[in-house]
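Q: Starting off with a structure, shown below.
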Amino acid sequence: MSSASCPPTTPGRHRRPRTAGVVTAALALCVAPVLTAGTAAAATTPDSLSKLYAASPKPTMGWNSWYGYGGFQFSGAHTVANITARNINSTKIRAEADALVSKGLKTAGYDTVWLDEGWWDGSRDANSHITVDTTNQWPSFTVGTKTYSAGMKGLADYIHDKGLKAGIYTDAGSTGCSSLNDGSYDNKQKDIDDFAAWGYDAVKIDFCGGLAEGRDPATTYAAYRHAILNNASGRTMAFNLCRWQYGSYMPVTANSWRTDLDIASVNADGSSTSGDGNFTLAKMLRNLDTNANTPSVAGPGHFNDPDYLLTGHDLDGVTTTSTDAISRSQVSMWAMMNAPLIIGTKASTLSAASVATLTNGEVIAVDQDSLGAQGVKVSEPSTGLQVWSKRLATSGTRAIALFNRTGTAANITVNFADTGLTSTDAVTLRDLWSKTDLPSKTGSYTTSVPAYSTVMLKATGTESSAWTDIDGTQSTSPAIASGGPDSADAFVRGTDGALYQKTWNGHSWTGAWANLGGPTGGTFTGTPAAVSDAPGQIDVAVRGTDNHLWHRAYRSGSWGSWEDLGGTIADSPAISSQHDNQLDVFVRGTDGALYQKSWDGTAWSSNWANLGGPSSGTFTGAPAAVSNASGRIDLAVRGTDNQLYHRAYYGGSWQAGWESLGGSITDSPAIASTGANRWNVFVHGTDGALYQKNWNGSAWDSNWTSLGGPTSSTFSGTPSAVSIGGSRLLVNVRGTDDHNYLKGMTSS
Ligand code: GLA
């Protein structure tokens, strides 16, 4: 055996199941210097992300009324008196619900009947509760022996009786899209409570009124999130946010969010009599490409939304014969991006061919895969001929889309190495549209793809365990954090002493290294630590050249300023997050002991808690920390005897004693967790290689597994590791050539 570890350190990270809850970081005392500037970073949210995400762990599937029917038509100014047509009503919506069932769409998963604008004209009663037209639009009705009440509850009851869910619509502002005051701004909680009381299972919140009235989208939508999560009925309702462009607040606010403008339009007068609007290939590609810009913020319970499926619609600008190909491509690419699959065409008029396109269970399974990793484009061998890859929950599997955006049939080749599978092992392939197994291939696969169409494959091969050089010259060991499945951010200290960040989208590193400077003269010392405490949020901790601990937070799309957390620290820090907006930082004090400071969502603890150390109350190097649940933290440190030690916090207190995991390590360790009751430690062995040991759910592995290293099977300094969803981990190290190297692996 051998093993190892070292000096500076790295963090662990992470988040996954974060239940709400307050964790007290009560602690022993503090000795280390104190000092604290409690400029806390970011706005806090009392709402539980895990509760939000649980409302729709997988992308919603269903049907929406907008493109098929439109909303109101008016004679002149938009007033209730001028309404000449209410294009959705009980009869039409029930017919759509019936069609979802009779055409097999419900069985395939399309289970939500979602009303869009036009169900309500903005009227309210004396207590400001919504009132609707119960005479003509939503009257009472009887089916068989059952009579359903007039209004929105009766409709929801009918939808539920069909085994379906019901979705409803409002605007974040007051005025709404048709300027009828059909928005909820002044009545957020009241309206959401009414939707819940009527039995609705999903709410879409538009922003036409919000935009016209100059509402701040982040705070306004956060208020709606709060109303939904705290509705008076305690009802679970999925939240679709419709602001038509990505904003960094969205992944912590809603279950899905529209990333671009409408993919089609209804007629100028608000009707959609022909039902086809002006859906074009160009708009389909526009919404696809915009939606593809933010893959790393998607994950279970929070998804990018490129708008509705217009399967079978007539398309403006292409021949009718291309319609089926384009429909197939839209469903394929939406599935690759784990987008909500909401049918915008009238379900009641869908042809058998369109129904077949929408109900291919193997394609839908890609969309609904439990890992929730959004697929990305991995190559474009020639303009318009694209290869996309999506990591699936089962290790070694990918969904691959060969997408021909041109009007001419063409061969497209996928190189398996581009998808993160090895190029030397056989890959078994299944064509998901034809539902046939193909001969297995090694290295690559080429096939002809018809004009505008998409071939979808499921590939099963061997995960590559090669070290990938992600470039960049660093002067200390790196840190790595992950805010979502199959995505990560790496942090290094450049040769100029500043902090640099680069983002990994699951298949490649995007953009250049971003210079984040440093707290002391634009620099810091040692190894950075980083953790994502929510999708789209990152916290870094570093040791300044003044030996203070410094923290910097990425919130709402930008980095805040460096915050001095004081102390006189003797090595690099570690940082972990038990749940959204909770942070714990760990440092080695000048007395050699471990100290903790915590952010509870509002303030940093004023004192440093002394956690001692395994070797006469001390340890060496830098600590490592990871949190896999609220109320749980696991630490790894190198003792002065060069063994690895572990200590856990749960049940409200630090467990007594440090547990030796043995080894003879040469630098500080890393610790990561792939989920409940799973931990992975990584150390630097005396032979220069990386070694791993896992807690398998009931015991630590007895042996260390050598993982080699990127440069002559060795690396330099301290490893860093993070969970990226499912059983997958990423390890990030500095090669002996000072380059940054990454290795993906599956935890046992
Ligand atoms: C916006 C939305 C559409 C639809 C209409 C209703 O345009 O983006 O999806 O809800 O409003 O007016």
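Q: If you take the residues in the range 621-654 that are open to solvent by less than 50 Å² (accessible area, probe 1.4 Å), farther than 30 Å from K51 by Cα and of a type outside the set (A, V, I, L, M), which one is nearest to the chain's Cα centre (by Cα)?
A: P623
Q: Go over the candidates T91, T44, T84 one by one and state the one that is part of a loop (DSSP other than H, G, I, E, B) and either farther than 19 Å from N240 by Cα or modelled with pLDDT of 95 or more (or both). Break it down stepwise before answering.
A: On the way: T91 fails: part of a loop (DSSP other than H, G, I, E, B); T84 fails: part of a loop (DSSP other than H, G, I, E, B).
Selected residue: T44, the only one of T91, T44, T84 that is part of a loop (DSSP other than H, G, I, E, B) and either farther than 19 Å from N240 by Cα or modelled with pLDDT of 95 or more (or both).
Q: Something else about it: Can you name the strands (runs of 3 or more DSSP E) wholly within the range 329-400 that have at least 1 residues being farther than 27 Å from E117 by Cα?
A: Details: elements: 341-343, 376-382, 385-391.
The qualifying strands (runs of 3 or more DSSP E) are 376-382, 385-391.
Q: While we're here: Look at the range 466-481 and say how many of its residues are touching a Phe, Trp or Tyr at 6+ places or on another chain (Cβ under 8 Å), at pLDDT 90 or above and among the small types (G, A, S).
A: 2
Q: Filter the range 655-670 down to the residues that are open to solvent by 10 Å² or more (accessible area, probe 1.4 Å), part of a loop (DSSP other than H, G, I, E, B), in contact (Cβ under 8 Å) with a residue 24 or more places away in the chain and small (G, A, S) and list them by number.
A: Those that are open to solvent by 10 Å² or more (accessible area, probe 1.4 Å), part of a loop (DSSP other than H, G, I, E, B), in contact (Cβ under 8 Å) with a residue 24 or more places away in the chain and small (G, A, S): G663, S664.
Q: Here is a further query. Residue check, N610 against (1) open to solvent by less than 10 Å² (accessible area, probe 1.4 Å); (2) in a strand (DSSP E or B), all met but one. Which one?
A: (1)
Q: Sort out which residues of the range 57-67 are small (G, A, S) and within 12 Å of the ligand (Cβ to nearest atom), and write them in order of number.
A: Here is the first cut: in the range 57-67, the ones small (G, A, S) are 62, 65.
Answer for the range 57-67, where residues must be small (G, A, S) and within 12 Å of the ligand (Cβ to nearest atom): just S65.
Q: Right, here's the next one. Go through the range 488-500 and count every residue that is part of a strand (DSSP E or B) and closer than 12 Å to T473 by Cα. Full working, then the answer.
A: We begin by selecting, within the range 488-500, every residue part of a strand (DSSP E or B); these are 488-494, 499-500.
Of the ones still in play, those that are also closer than 12 Å to T473 by Cα are 491-494, 499-500.
Residues flagged as part of a strand (DSSP E or B) and closer than 12 Å to T473 by Cα within the range 488-500 amount to 6.
Q: Kindly indicate which of A126, A108, A54 is away from the ligand (no atom under 16 Å from the Cβ) and farther than 30 Å from L371 by Cβ.
A: Numbers: A108 fails: farther than 30 Å from L371 by Cβ; A54 fails: farther than 30 Å from L371 by Cβ.
Within the list A126, A108, A54, the selection yields A126.
Q: Let me ask you something else. Specify which of the listed residues (N181, N240, N230) is within 16 Å of the ligand (Cβ to nearest atom), among the polar types (S, T, N, Q) and open to solvent by 30 Å² or more (accessible area, probe 1.4 Å). Quick ask: steps written out before the conclusion?
A: Working: N240 fails: open to solvent by 30 Å² or more (accessible area, probe 1.4 Å); N230 fails: within 16 Å of the ligand (Cβ to nearest atom).
None of the other options fit; the residue is N181.
Q: Any residue at all in the range 150-168 that's within 16 Å of the ligand (Cβ to nearest atom), touching a residue at least 24 places away in the same chain (Cβ under 8 Å) and over 34 Å from the mean Cα position of the chain (by Cα)?
A: For the range 150-168, residues within 16 Å of the ligand (Cβ to nearest atom), touching a residue at least 24 places away in the same chain (Cβ under 8 Å) and over 34 Å from the mean Cα position of the chain (by Cα): absent.
Q: Quick one: in the range 184-193, which of the residues that are polar (S, T, N, Q) and either away from the ligand (no atom under 16 Å from the Cβ) or out of contact with any helix residue (DSSP H, G or I) (no Cβ under 8 Å at 6 or more places or on another chain) (or both) is farthest from S233 (Cα to Cα)? First the steps, then the outcome.
A: Going residue by residue through the range 184-193, those that are polar (S, T, N, Q) are 184, 187, 189.
Among the residues that remain, those that are also either away from the ligand (no atom under 16 Å from the Cβ) or out of contact with any helix residue (DSSP H, G or I) (no Cβ under 8 Å at 6 or more places or on another chain) (or both) are: 187, 189.
Numbers: N187: 16, Q189: 11 Å.
Filtering the range 184-193 for residues that are polar (S, T, N, Q) and either away from the ligand (no atom under 16 Å from the Cβ) or out of contact with any helix residue (DSSP H, G or I) (no Cβ under 8 Å at 6 or more places or on another chain) (or both), the one farthest from S233 (Cα to Cα) comes out as N187.
Q: Scan the range 194-203 and give yes if some residue there is farther than 20 Å from S128 by Cβ and either within 16 Å of the ligand (Cβ to nearest atom) or assigned to a helix (DSSP H, G or I) (or both), otherwise no.
A: Going residue by residue through the range 194-203, those that are farther than 20 Å from S128 by Cβ are 199, 201-202.
Still in the running and either within 16 Å of the ligand (Cβ to nearest atom) or assigned to a helix (DSSP H, G or I) (or both): 202.
Yes, the range 194-203 contains at least one residue that is farther than 20 Å from S128 by Cβ and either within 16 Å of the ligand (Cβ to nearest atom) or assigned to a helix (DSSP H, G or I) (or both).
Q: Regarding A268, is this residue within 16 Å of the ligand (Cβ to nearest atom), modelled with pLDDT under 80, of a type in the set (G, A, S) and assigned to a loop (DSSP other than H, G, I, E, B)? Even if it seems obvious, please write down each step before you answer.
A: Details: within 16 Å of the ligand (Cβ to nearest atom): yes; modelled with pLDDT under 80: yes; of a type in the set (G, A, S): yes; assigned to a loop (DSSP other than H, G, I, E, B): yes.
Yes, satisfied.
Q: Which residues, counting only those in the range 689-698, are under 15 Å from D667 (Cα atoms) and either surrounded by 23 or more Cβ atoms within 10 Å (Cβ to Cβ) or free of Cβ contacts under 8 Å to residues at least 60 places away in the same chain (or both)?
A: Taking the range 689-698 as the starting set, the residues that turn out to be under 15 Å from D667 (Cα atoms) are 689-692.
Once the filter is applied, which keeps residues that are under 15 Å from D667 (Cα atoms) and either surrounded by 23 or more Cβ atoms within 10 Å (Cβ to Cβ) or free of Cβ contacts under 8 Å to residues at least 60 places away in the same chain (or both), the range 689-698 yields L690, Y691, Q692.
The values are calculated or read from the model by the stated rules, or taken from the named source; none is laboratory data. No experiment lies behind these values; they were computed from the predicted model shown. Cβ atoms come from the backbone with ideal geometry, glycine included; neighbour counts cover every protein chain shown. Areas reflect the complete protein model, heavy atoms only, side chains present, ligands, DNA and RNA absent. Shrake-Rupley method; radii C 1.70, N 1.55, O 1.52, S 1.80 Å.
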